[in-house]
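Just so it is clear, none of the values below were taken in a lab; they were calculated from the coordinates. Quick caveat, the model's predicted, so the values are computed rather than measured. Reconstructed Cβ throughout: ideal geometry from the backbone, glycine too, with neighbour counts over all protein chains shown.
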Amino acid sequence: MSTASTLTPEPPEPPEPPEPHVNPAHPTTSALSPALSADERRSLRRAVGLLNLDRSRFILAVVAGTAGMASAVSLSGVAAWLIARASQMPDVVALGVAPVAVRLFGISRSVLRYCERLVSHDTALRGMGALRTRLYESLASARTDTVAGLRRGDVLARVGSDIDAVGDLVVRAYLPAAVASVLGTATCLGVGVVYWPAGLILLACLLLSGLVGPLATIRSARIAEQARQRQATELTAEVLAVLEGAPELSVSGRLAGSMRQVASREESLTRLRDRAAVPAAIAAAVDMAAMGLAVLGNLVVGVSAVSSGQLAPVWLAVIVLVPLAAFEATSALGPASVQLVRSAGAACRIVELIEAAEASAASGSATSCAPLELPEPSAQGPYLKARGLAVGWPGGPVVAEGIDLDLRVGRRVAIVGPSGIGKSTLLATLAGLLEPRGGTLTLDGVPPWQAAHSEVAARVCLTAEDAHVFHTSVLENLRVARGDVTPAEAGELLRRAGLGRWLEALPEGVETIIGTDATTLSGGERRRLLLARALAAPAPLMLLDEPGEHLDALTADRLVTDLLTAGDQGRGTLLVTHRLSALEHADEVLVMGHRPQATGEQATATILHRGSHRELQDVSETYRWSLSQEDQDRQQDHVSGTS
């Protein structure tokens with residue numbers, strides 16, 4: 001029987017965040033779009049505001065885009081005039097500069113289109129970077145329970161595809177709408193100068209294509225897009241869960257079911273994507289119909305005008321062929337309306353996350369006012385002190401209380417106890433991430449949750465058991481804790497963490513790239529890499545959560561022993577562990593458990609026994625039994641290894 005079943009819980013899973021609220025039935029007469037609800041319009045305005053768009057660059061993109069489209073329209077008009085005039089076989093001199101203009105407009109169209117793409121995409125990418133930074137800052141300043149309550153797949157979707165969708169609004173919605181408005185007006189005026197009835201017909205058909213088509217399809221696009229976005233978010237969350245939990249799902253026999261669920265979700269998403277494409281197809285059909293009406297209408301009135309002598313025959317070709325190029329701008333408005341809906345839904349999700357983080361940070365600051373300043377530590381270093389401490393997640397029950405402990409430089413403390421008892425919650429509270437539910441907790445005389453996070457992090461370092469390992473070099477993974485770690489320091493830290501031989505075997509040393517979330521490392525290597533990162537942190541007090549979890553008994557014991565016998569007199573260490581065999585090097589061991597409760601009362605954990613490793617073997621029967629179980633497991637592992 002493994003001691004993991006009797007000593008130590010994972011904290012309860014935080015509640016999943018609610019789906020973003022959307023009211024599809026809310027009527028609105030906004031100029032932005034009559035199909036968007038008030039919540040969507042408000043979220044879209046704020047999200048676009050957070051892009052911090054450079055107005056001058058956006059205007060430059062509109063000018064370049066309009067000039068490029070105007071070159072296409074001018075090319076069509078000049079070419080039509082040139083062909084019609086050449087059919088009359090005049091002298092070459094009579095054609096004037098038309099051939100040169102054709103070449104000019106043909107070249108400038110491509111060049112200006114490239115310039116527009118360059119400026120508009122650069123503007124949008126800068127905006128997406130600003131929005132991502134704002135979102136990261138909001139999450140960093142939020143309370144721990146707010147961030148922990150988010151599913152990683154959901155956060156990935158919001159930080160990734162949702163922000164991309166808001167940024168695409170600039171390139172795929174705002175810019176095409178501005179270009180179509182300016183170009184359409186200028187083209188109608190130009191055609192109207194040639195023959196005003198043709199200009200009016202072109203104006204009516206452009207309004208049909210640019211307004212009626214997108215507005216008629218935007219409502220159905222909204223319903224399809226919202227369903228698609230929800231499915232895409234769920235698919236992201238489920239795929240990430242399968243990727244990260246594949247070994248556990250395989251062992252429990254649930255991997256095949258999870259894969260079927262992902263496949264079903266993907267099929268549903270494909271169907272929704274097809275539905276979301278229908279409105280854009282309808283808008284494209286309306287655009288083609290409007291263009292045909294413009295050509296036919298101008299042909300009818302033009303032939304009549306030519307017959308009556310009101311219009312020269314050469315200009316008939318111009319008013320008939322120019323609409324073919326003019327509608328190129330309005331053809332982008334159908335997809336732009338769909339993009340508007342897509343971006344509005346994404347903006348709701350992003351703003352909801354930002355506002356939740358801001359509200360969480362505001363509630364925390366309201367209780368503590370301005371962050372308190374930590375005094376200079378004493379000559380012995382920082383001192384973390386808890387008396388009668390009660391811990392629990394905000395909004396949840398108290399999971400542990402009556403906890404007394406002291407941690408200072410040079411002191412080594414271990415905490416053991418059954419799973420689910422609240423040890424990880426205790427560590428988060430000691431690190432200042434959660435506010436105590438009772439008792440007192442001070443770091444150099446100041447409550448750590450009321451001090452600035454940066455000041456607390458400079459004295460207390462928390463390494464969780466599920467800390468992330470990034471898809472980058474070994475050196476950069478260590479620089480997560482301290483940005484100025486040199487390659488030589490990184491090598492020394494890895495050797496102190498017991499990874500000396502591993503480092504020597506790496507093809508590029510500390511510059512070797514590690515796979516996503518340490519998929520290229522073994523469990524023991526990953527744990528020791530996290531330990532090296534903790535050692536790299538400048539904080540003198542280290543809080544370590546389950547450093548030996550998921551390792552074999554011998555490896556876990558060696559790792560815990562290394563932590564407690566590191567010989568680093570400049571640090572204090574408090575670790576949560578399942579392994580008892582290596583705790584003889586700890587100055588004090590705290591055994592957490594539940595006291596007997598009266599019927600109907602909720603069980604709350606506390607410190608049942610405390611003392612050195614040898615003292616606890618004498619006073620705690622549970623401690624002795626767990627230690628004997630570890631001895632049996634170690635003997636079985638030894639027998640299995642020799643056989």
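Between Ala140 and Ser454, what length comes free when the chain is fully extended (0.36 nm per residue of separation minus the Cα-Cα distance, one decimal in nm)? List each step's numbers first, then the result.
Working: separation 314, 0.36 × 314 = 113.04 nm, distance 1.12 nm.
Result: 111.9 nm gained on full extension.
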### Whole-percent pair-distance distribution, where bins are 5 Å wide, for the alpha carbons of region 338-460
2, 10, 17, 19, 17, 11, 8, 6, 4, 3, 2, 1, 0
### Query
Could you give the semi-axes, largest first, of the ellipsoid that matches region 451-564, computed as the square roots of 5 times the alpha carbon gyration tensor eigenvalues and rounded to whole Å?
21, 18, 13
### Query
Is the shape of region 280-327 rounded, prolate or oblate, going by the alpha carbon gyration tensor and its root eigenvalues a ≥ b ≥ c, with a/c under 1.5 for rounded and a/b larger than b/c for prolate?
prolate
### Message
Applying a 10 Å radius around every beta-carbon, put 314-322, 37-45 in order of their mean neighbour count, most first.
### Response
314-322, 37-45
### Task
Please say if region 394-451 is rounded, prolate or oblate, where rounded means a/c under 1.5 for a ≥ b ≥ c the square roots of the C-alpha gyration tensor eigenvalues, and otherwise the choice is prolate for a/b larger than b/c and oblate otherwise?
oblate
### Message
Relative contact order for region 30-119: what percent, with Cα pairs under 8 Å and sequence separation of 6 or more?
### Response
42
### Task
When a/c is below 1.5 the answer is rounded, else prolate if a/b is larger than b/c, else oblate, so apply that to region 238-335 with a ≥ b ≥ c taken from the square roots of the Cα gyration tensor eigenvalues.
prolate
### Range of Cα positions in region 55-202 per principal axis (Å), largest first
82, 30, 26
### Query
Applying 1/(1 + (r/R0)^6) with R0 = 51 Å to the Cβ-Cβ distance of Glu355 and Leu324, what FRET efficiency is obtained, to the nearest 0.05?
0.60
### Around Glu615: net Lys/Arg minus Asp/Glu count, Cβ-Cβ under 13 Å
-1
